[in-house]
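Single-structure report; data block below.
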Amino acid sequence: MTPLPAPLATPVSLVAWRLDAAIHAPAWDSGVGAERMGGRWNPKGVKAVYCSFDPATTILESAVHRGFHVLDAEPFFLTSMTVIDAADVKIVDPDDVPNPAWLHAGIPSAGQQAWGATLLEKHRFVALPSVVSRFSWNIVFRPERAVGGYELLRQDRLVLDTRLNPSMR
């Protein structure tokens, strides 16, 4: 695994990233999408905001669900935020996950979602290994639990290299 970002070693701010369709970018921290659909670490009915510690992982996490053809053809916004105090982040090492299969591609189990929901209830922010990019990290939070613990830095239009969606000549 790639080492955790340095700010996790000391209580300073930490940057996280996420990608949203332009229509949803203003509500980037609502957690409504994950609440409606459920996610890897939350069941339906539980709001959760999924981010990554770097923009490249955020783009890969989005592409695995939407495809590069969608990211290339529709407007998206890349959001950066600051976790104000890195000490608020619960780090979940791969060995801490009860079932190693949870860190592999596939449909999340009810047990996995319940375990994640418990973590999200106990901690403001939870850092977990990425499934899409095994050497990267994601950070997940419940917006109502993390109020005051993060700030929006900026939102920028996604500029995606067109080679990721080549023409079908």
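The values are calculated or read from the model by the stated rules, or taken from the named source; none is laboratory data. These numbers were taken from a predicted model, which means no experiment stands behind them. Don't worry about glycine lacking a Cβ; one is built from the backbone with ideal geometry, like all the others, and counts go over all protein chains shown. When the accessible area is computed, the model is the full protein with side chains, heavy atoms only, and any ligands, DNA or RNA have been set aside. Shrake-Rupley method; radii C 1.70, N 1.55, O 1.52, S 1.80 Å.
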Inset, instruction - Set the Förster radius R0 to 45 Å, insert the Cβ-Cβ distance between R169 and K122 as r into 1/(1 + (r/R0)^6), and round the FRET efficiency to 0.05. - result: 0.30
Legend entry - Cα Rg over Rh - the chain, Kirkwood: 0.95
Legend entry - Stretch gain in nm, segment A21-A56, where the contour uses 0.36 nm per residue and the Cα spacing is subtracted: 11.0 nm
Legend entry - Sequence of L60, L71, L153 from largest to smallest accessible area, 1.4 Å probe: L153, L60, L71
Inset, instruction - Calculate, in nm to one decimal, what M37 and L4 gain on full extension: separation in residues at 0.36 nm each, minus their alpha carbon distance. - result: 9.0 nm
Legend entry - Where the chain is the region considered: accessible area per residue in Å², 1.4 Å probe: 54
Legend entry - Extension gain (nm, one decimal) between V70 and S13, 0.36 nm per residue minus Cα-Cα: 17.3 nm
Legend entry - Descending semi-axes in Å of the range 41-119, equivalent ellipsoid built from Cα gyration tensor: 24, 18, 13
Inset, instruction - Quick one: pull the percent of accessible area on the range 96-169 belonging to carbon and sulfur, 1.4 Å probe, ligands and nucleic acids left out. - result: 55
Legend entry - Vicinal HN-Hα couplings computed from phi for the range 39-53 (Karplus, 6.51 cos²θ - 1.76 cosθ + 1.60; Hz; Gly/Pro x): x, 4, 10, 8, x, 3, x, 10, 5, 8, 10, 9, 9, 10, 7
Inset, instruction - Express as a percent, rounded to the nearest 5, the fraction of DSSP beta bridges in the chain (both residues included) that run antiparallel. - result: 90
Inset, instruction - Would you give the gap between the C-alpha center of the range 61-130 and the C-alpha center of the range 145-169, rounded to a whole Å? - result: 16
Legend entry - Three-way shape call for the range 91-158 based on the alpha-carbon gyration tensor, with the a/c threshold at 1.5: oblate
Inset, instruction - Please turn the phi angles of the range 149-162 into ³J(HN,Hα) values with the Karplus equation 6.51 cos²θ - 1.76 cosθ + 1.60 (θ = phi - 60°), one per residue in order, whole Hz, x for glycine and proline. - result: x, 8, 9, 5, 8, 6, 10, 10, 4, 6, 10, 9, 4, 5
Legend entry - Normalised contact order of the chain, rounded percent, pairs of Cα under 8 Å and 6 or more residues apart: 31
Legend entry - Test item: Cα-centred dipole of the range 1-146, Lys/Arg +1 and Asp/Glu -1 on Cβ, debye: 300
Legend entry - R0 of 35 Å, Cβ-Cβ distance R157-H104: FRET efficiency to nearest 0.05: 0.60
